[in-house]
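Take a look at the structure below.
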Amino acid sequence: MPATPRSQLAPVEAARDTDVIIRAEGVEKTYDTGKLRVPALRGVDLTVGRGEMVAIMGPSGCGKTTLLNCLSGLDTIDKGTILIAGTDLSKLSDNARTEFRAREMGFVFQFYNLLPVLTAVENVELPLLVSGVRPKEARQRALEVLAQVGLERWANHKPAELSGGQRQRVTIARALVNRPAIVWADEPTGDLDSQTADEVMALMRELNQTNRQTFVVVTHDPRIGGMCDRIIRMQDGQIVSDGTAA
Amino acid sequence: MENLFGIPMQSIMIALLVAFGLCLGVGGWIYLRHRIIFRMGIRNARRRPAQTSLIVIGLMLSTLIIAAALTTGDTLNYSIKSTVLDILEHTDELVVPANGDDAEANVQPGVTFPQQVAADLEAALAGDAVIDGVMPVLTQPVPILNPKTQLSEPMVTAVGIDPAALGPFGGLRDIEGNDIELTALPEGAVVLGKTTAERLDAVVGDTLTVYVENEPHDVTVAAIASDSILTGMQDPGQAGGFVMALDRAQALLELPGQISFIAVSNAGGVADGAEATDAAVTAIEQALGEAPYQAVRVKQRALDMAEEGANVFTSIFLVLGLFSIAAGILLIFLIFVLLAAERKPEMGMARAVGMKRRQLTEMFLAEGIAYDLVSAMIGAALGVGVAFVIAGVMGRLVGEFFDIVPTAHWRSLVVAYSLGVVVTFATIAISSWRVSRLNIVRAIRDIPEPQRQRAGNRWLIFGILGVVLGALLMWVGADTDKLFPYSIGISLLPLSLAAALRRFGLPARLLYTVASLFVLTYWLLPDSLHQKLFPVLSGGMEMFFVSGVMMVAAATMAIIWNAEVATSLVGLLGRTFSRWLPAVKTAVAYPLASKGRTGMTIAMFSLIVFSLVMMATIDRNFTELFSGEEAAAGWDIAATRVASDPMPAFDQALAESGVDTSKVAATGRLRQVASYSSEIRMAGTQEWKRYTINGVDAAFIEHSHLPVKIRATGYDSDAAIWEALRQNPDLAVIDGFALEGPTVQVGSPSNFILQGVQAGDTTMEPIQVEIGDPLSGRTRTVTVIGVLDPKVSMIFGLFVNDAAFDQVFAQPNQTTYYVQTQPGTDDVAFAKEIKAKLIAYGVQAESLEKLIEQETAISRGFLLLIEGFMALGLVVGIAALGVIAFRSVVERRQQIGMLRAIGYQRSMVAASFLIESTMITVLGVGSGTILGLILSRNLMTSDEFTGSSGAAATFLVPWGTIALFVGIALAAGLLMAYIPARKAASVPIADALRYE
C-alpha cells in the first residue's frame, strides 16, 4: 500500500488517554562510563495509544534509541515510571519482564539481527517456541506470517541467501508472529534503499492497520516519519515536539 | 641422553637451533622492515588478556610434552647410569670362562677357574697404560641367617677379593667413608653390604650364620659397606652379600685356589674408565691368547643398556605424546582461525587502506611469535615439572632397583624449547597465510563467505596432489614392506579424491562421507578380512599414532558432514523438553554452521580419548591375560634355589626340616639354564642363539596345568603332548615368545626364533632344534611338538624332560620347586615357613599369587603413568572449548541481545552455550571412544596378538576407566563453557544490540 507523507504536525489529543498502551512519566537515563556521565534521557513524558503508529525522530545521539530500549524494557531507567498496558516493567523480575516481552512485544532492528545459522522460518518461529507454543503449531504460524510478508518461497533459506529487504521482512515476520500488542522498530529501513524502505514501511503500515497493533518506529528519516500517525521529535534527551502529521 | 631415535642429541640440537634462529630471523625481519606491522601484531596479543592466557596454554602444550618426554629420558639415563657406576665403581671389565658372545657373557654361579689365571693375566698386562688394576674375585651364592633377628636371605653373594690388588679399585670403605683393611680383620670377620645388612637387620658386631654345602658357619660383621660388585651386588635389586679376603673366602667356600672372575680396572676414574674399554679389551685378549677365557665389557655394556633403556622410555613418551602434540597443533590452527574471524572487519579495513596480503600474514606472524616464545618457555618449565612428577611415581615403582633422581639436562631443554617454538611457528605460518586470504568487502561488512556448490581450482589442485602423494606412499609402502607409508597413502588417497571431485560440482556431503567411510573401513576391518583385502606389511609402535590420526580425521569428517542426523536426535530431546527447545535449536545450529572449527574441536577430543581408550583397553586385557588363573600353571608356591650344593629330594627336605607337609598337595621340579648359559639353533643351521631351557620332572608335568596354544600334527590334545614329552627325551615344547609375528618383531637379535610356525597358527609340523651347553660343548637335537599358551606367564622357555636336560647340561642356573597347596592354605605364610625351614639349602619361596600381583602392580603402574601423561592432551581439547566459547560470546553478542529481546531467559541463553559445548565434547569423546574400542578389539583378537599373547578369547572393556576419562572430559568441557555461558547470559540487552 503506498504511504502518504505528511508534513505538518498537530498536538496530541488527550482523548487517546482512554486507550493508552504506553505511558512514560519523568523518565531519566544517564550513561555512566566511569570517567564520564552522559545524560541520555532527561525527564521524558510520553503516552502512546493502542493501534497508533508513532515515529520517534531526532538527530544522532538525541536519545531516541535509548528511549525505545527503555520503553520496551530492554534497558533500565534511573528515574520516572514506564507503564506498558498498565504494567510497570521496572517492578518485574528479569524473568517476568522477559516473558512479558515475549508475549506482548515484537522487535525490528536496523541490521535485522537474524540468527545467521537458522533458516527464515526457524528465525520466525523462535519467539513462539520461547513462549512455549508447540513446535508444530509454531512452524505453521511462522509459515503463515512469512506468507503475509510475501516470503513463503524463501522460508527455508538462511539470511545470507536473502536480500536486505527480504531479511527485513523476515525480521518483521518474526516481530509479528506472536501477535504482539506493540512492535518496536529501530531504524527499520536504515540499511535499505529507498524503494525497499518504502515497501517495508508500507508493509508495517498495513499490518498496523489490519491487526491494530501499536508500532513505535525510531528513525531519522523524515520520509519514514511522515508515513506514521504521529511524530515525536527529540533533542538532547528531551521531547521537543509531539504531534500528528497534518 | 646422547641419542634420540638413533640420531645424536647434539645434531638434533644444532639443527633445531638453526630452525629456531630462522623463526627469530623472520620476527626480526618483520620488526626491521615493517615496524608498524610488528607493533600491530604485538598489540593484538595484549588486547584480551583472558583469551591470550588460553592461547598461551594451548600453544605451550607441545613444548610441555616434548620437554617432559626428554627430561624423563634424562632422569632415567642419569639414574640408571648412577646406579651402574655405584655398583661397578672402578671395575670396567670382567674376565670369565668363555661362554658366548660379548652381549650375553657373564659370571656364572658355580663356575670357577684357577686363581693362577689372574696372576698370569696381571703379569701379562703389567705396564699396560690402559689398565691399572687386575684383581681375582671369588663369588658364590650362599644362604645367610641373622640368629639375633631371625631374619634370613636364601641367596646372598659371598665374595673373596685379593686385598693386595684392591688399590686401583678404589679400596674398600664403610658407609661412613672410613677405609677398611681386609687383612687387618680378625678370622671369621666379614664386611657386609648395605642392602644385606638392612634385609637381615644386622649391625657391626653381629654374628651371622652362613650355610656352605648345607653346613652352618659363623661370621662376624666387622663393617658395613656401600653396595658394590665388591660386596656382592652384581645387579640392582639383588640382596647383595658380604666380602672377605680371597684366601679366607676360598677356605670358607671350600674352593681353594679357585676364583669366579677377574676384575679389571682401566686407567681413569669411575665414569671415564669405560671410555678405554675397547683398548683394554684388546689388551686383555692379547694377554689371554688362546686361553679359554674372555673379557666382558661389563661397565660399557651396562652404560649402553642405561642409555637404551632411557631411550625406550623417551620414545614411548614422545610417540604417545604425539597425540597431544597433534591436538595442540590443531588448537593453534583453530586459535588463529578464530582470531582472524574476530578481526575480519578490521583486517578488511587494513586491506582497503593499502595493506598487502603479505603484510597481514606478517602481522599474524609477529603476534604468533610473541605467543610462541613465551608459551614455549612456560611449556619447557612445566614439562620439567611434569617429568619430575613422573620421576616421583617411577621412584615408587622401581625404587627397589634404581634410585630415581630427577634430572634435567640443559641440552634436552634447548631441544624441547626450540622444537616447541619451531612446530608452533610452522603452524602459525600456515594459518596466517590462510587467514590473510580474505575478500575485502565481505571482511569489512563481516559477511560470511558464500558457500559454493562447486569448489574452486585450489581444491582441484590440492586434491590431485593428495591423490598422487597417496598413491606414491602406497607404492613405497608395498615395495619396502612398510605399513607406515602404505597406510598413510591409502587414507590420504580417498580423502584427496573427494576434495578434487568437489570441483566438478558433486555434493560435498556424499563425497566426504564415502571417502571417510572407506578410510574407517580400512582401519577398522577385522584382522582376518583385512589380510584378505590388503597386503600384510610390517609396522611398529608409530602405527598406533598413524591409525589414531587417520581414523579420527575420517570419523570427524563423517560426523561433520552428517551432523544434521546426529543433531536431530538432540532436537528430538529438545521437543520432549519443549521449554528448552529454543536453546537446543540455537545450540545445534551454530556448531553446524562452522564446520571447520567444530570439526577441529571434535578431532582434538577424539584424538586424545582414542589414545586413552586404546591404552586403557590394552592395559586391561594384558593385565587380565598375564595375571589370570592360568598364569602360574596351577601351582601356588615357587621355591627357587640357586646354590649348586647337594640337597635331598624336595619332599624329603620339607619333611626333614619340619615343614607341615600336610599342606602340600603336590610338588614338581623345574631346572633352568638361563639364556646366557645355553645355546639353541634350528637343526641344520650354524649360528647359535640364546634361549632359556628348562628340564622338567614327571611330577611337574603330571600336576601342571599347561595349555598348549599350537599343537604339532599327530597330537590331538594337550595331555598327549605333555605325556609324550614326559616319556621321550627327544621332544620339547616351547613358549610363544619364540614365535615370529606376521608384522611385529620384538626382542634382541640374539634371541632364538622358531622357524616354520607363526603366531596365529593353530597347528604345526614338528620342528627339530638343537640345544647345547657352551661350557661343556655338549649338544642334542630335540623335536618341538607344541607351543605353550602365553597365558602361562610365570613359566617360560623351552621345555624338555629331565633325561634330555641331564644329557646336555652339567648343572642348572637355578632349580625351582613348584608346590600345590591344599585348599584353605595361607600360601604367603606357608611360603615363609618353607623359606625359613629350608634356609640351610638357600631356598627362596614365594606365593605365586603374590609374585603375580607384584609384577602386575609394577607394569600397571607404568601403564597408568603413561595414561596420565597422555591425559595431558585433554587440556588441549578443554582449552579449545574455552577459546571457542569465549569467542562465541563476543561473536554473537548482538544476536544474544536479540534473543533476549524476543524472550530468551538468561538461563536459556546460558543453556544454549552449555548444550553447544557439551554436544561438541560428546561427539569428540564418543567418536574417540568408539574408534578406540573397535581398534583395540581388532588388535586384541587379531592373529598376531592371539598367537603371540593368547589374548582375546574374551575381550574386556575397562568401563570404569573409560567412564573416568569421559567424565573428566565432559565435566571440564562444561566448566570451560560455564564461565562464558554465564557471561553471555548477563549481557545487558541494550548494550548487546548496540554492539558492532
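Brief remarks on what is shown
- Any chance B:Glu846 is acidic (Asp, Glu) and crowded, with 18+ Cβ neighbours inside 10 Å: yes
- Single condition A:Ala96 does not satisfy, out of (1) within 14 Å of chain B (Cβ to nearest Cβ); (2) of a type in the set (A, V, I, L, M); (3) touching a residue at least 24 places away in the same chain (Cβ under 8 Å); (4) outside any loop (DSSP other than H, G, I, E, B): (3)
- Test: residue in region B:622-631 that is within 14 Å of chain A (Cβ to nearest Cβ) and outside any loop (DSSP other than H, G, I, E, B): no
- Count of region B:417-440 residues which are touching a Gly at 6+ places or on another chain (Cβ under 6 Å) and under 17 Å from B:Ile325 (Cα atoms): 2
- For region B:667-695, a residue qualifies if it is out of contact with any Ser or Thr (no Cβ under 8 Å at 6 or more places or on another chain) and closer than 17 Å to B:Asp802 by Cβ, and the qualifying residues are B:Thr667, B:Asn694, B:Gly695.
- Of the candidates B:Gly133, B:Gly177, B:Gly127, B:Gly171, the single residue that is over 24 Å from B:Ile262 (Cβ atoms) and not in a helix (DSSP H, G or I) is B:Gly177.
- Condition check for A:Leu41: within 14 Å of chain B (Cβ to nearest Cβ), of a type outside the set (Lys, Arg) and within 30 Å of B:Ala910 (Cβ to Cβ): no
- For B:Glu275: the one exception among (1) at pLDDT 90 or above; (2) in a helix (DSSP H, G or I): (1)
- Residue check, A:Leu129 more than 8 Å from every other protein chain (Cβ to nearest Cβ), surrounded by 17 or more Cβ atoms within 10 Å (Cβ to Cβ), aliphatic (A, V, I, L, M) and out of contact with any strand residue (DSSP E or B) (no Cβ under 8 Å at 6 or more places or on another chain): no
- Out of B:Ile902, B:Ile896, B:Ile884, sole residue that is more than 30 Å from B:Val733 (Cβ to Cβ), buried (at least 18 other Cβ atoms within 10 Å of the Cβ) and more than 14 Å from every other protein chain (Cβ to nearest Cβ): B:Ile884
- Considering residues of region A:132-158 that are more than 12 Å from chain B (Cβ to nearest Cβ), part of a helix (DSSP H, G or I) and crowded, with 23+ Cβ neighbours inside 10 Å only, the residue modelled with the lowest pLDDT: A:Val145
- Looking across region B:500-524, the residues that are under 20 Å from B:Arg458 (Cβ atoms) and crowded, with 19+ Cβ neighbours inside 10 Å come down to B:Ala500, B:Leu501, B:Arg502, B:Ala508, B:Leu511, B:Tyr512, B:Ala515.
- Residue that is nearest to the other protein chains (Cβ to nearest Cβ), among those in region A:108-124 that are in a helix (DSSP H, G or I) and over 18 Å from the mean Cα position of the chain (by Cα): A:Glu122
- Residue that is over 29 Å from B:Ile329 (Cα atoms), touching a strand residue (DSSP E or B) at 6+ places or on another chain (Cβ under 9 Å) and at pLDDT below 80, where the choices are B:Gly903, B:Gly842: B:Gly842
- Residues of region B:391-425 that are touching a residue at least 24 places away in the same chain (Cβ under 8 Å) and more than 30 Å from B:Ala19 (Cα to Cα): B:Ala391, B:Val393, B:Met394, B:Arg396, B:Leu397, B:Val398, B:Glu400, B:Phe401, B:Phe402, B:Asp403, B:Ile404, B:Val405.
- Elements of type strands (runs of 3 or more DSSP E) contained in region B:770-831, each with 2 or more residues being at pLDDT 90 or above and more than 30 Å from B:Glu849 (Cα to Cα): B:779-788
- Region B:475-499: number of residues that are over 26 Å from B:Val319 (Cβ atoms) and surrounded by fewer than 21 Cβ atoms within 10 Å (Cβ to Cβ): 1
Here is a yes/no grid of residues against (1) in contact (Cβ under 8 Å) with a residue 40 or more places away in the chain; (2) not small (Gly, Ala, Ser):
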| position | (1), (2) |
| --- | --- |
| B:Gly193 | yes, no |
| B:Leu200 | yes, yes |
| B:Gly205 | no, no |
| B:Val210 | yes, yes |
| B:Gly237 | yes, no |
| B:Ala245 | yes, no |
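- Residue match in region B:917-929 (condition: within 14 Å of chain A (Cβ to nearest Cβ), on the phi < 0 side of the Ramachandran plot and surrounded by 24 or more Cβ atoms within 10 Å (Cβ to Cβ)): no
- When residues of region A:27-54 are limited to those that are among the small types (Gly, Ala, Ser) and touching a Lys or Arg at 6+ places or on another chain (Cβ under 7 Å), the one surrounded by the most Cβ atoms within 10 Å (Cβ to Cβ): A:Ala40
- Complete set of residues in region A:61-93 that are within 13 Å of another protein chain (Cβ to nearest Cβ), over 18 Å from the mean Cα position of the chain (by Cα) and either among the hydroxyl-bearing types (Ser, Thr, Tyr) or outside any loop (DSSP other than H, G, I, E, B) (or both): A:Ser93
- Qualifying positions in region A:159-169 - surrounded by fewer than 20 Cβ atoms within 10 Å (Cβ to Cβ) and within 11 Å of chain B (Cβ to nearest Cβ): A:Ala160, A:Glu161
- Within region A:170-210, if we keep just the residues that are assigned to a loop (DSSP other than H, G, I, E, B) and within 12 Å of chain B (Cβ to nearest Cβ), the residue that is farthest from A:Gly51 (Cα to Cα) turns out to be A:Asp191.
- Of all residues in region B:253-282, those that are touching a residue at least 12 places away in the same chain (Cβ under 8 Å) have Cβ atoms under 8 Å from Cβ atoms of residues that are basic (Lys, Arg), 6 or more apart or on another chain, in B:Gly273/B:Lys299; B:Ala274/B:Lys299; B:Thr277/B:Arg297; B:Thr277/B:Lys299; B:Val281/B:Arg297.
- Residue list for region B:664-689, restricted to those being buried (at least 21 other Cβ atoms within 10 Å of the Cβ), out of contact with any Lys or Arg (no Cβ under 9 Å at 6 or more places or on another chain) and more than 16 Å from B:Thr815 (Cα to Cα): B:Val664
The values are calculated or read from the model by the stated rules, or taken from the named source; none is laboratory data. This structure is a prediction, so every number in the text was calculated from the model and none was measured. As a convention, Cβ positions derive from the backbone with ideal geometry for all residues, glycine included, and neighbour counts pool all protein chains shown.
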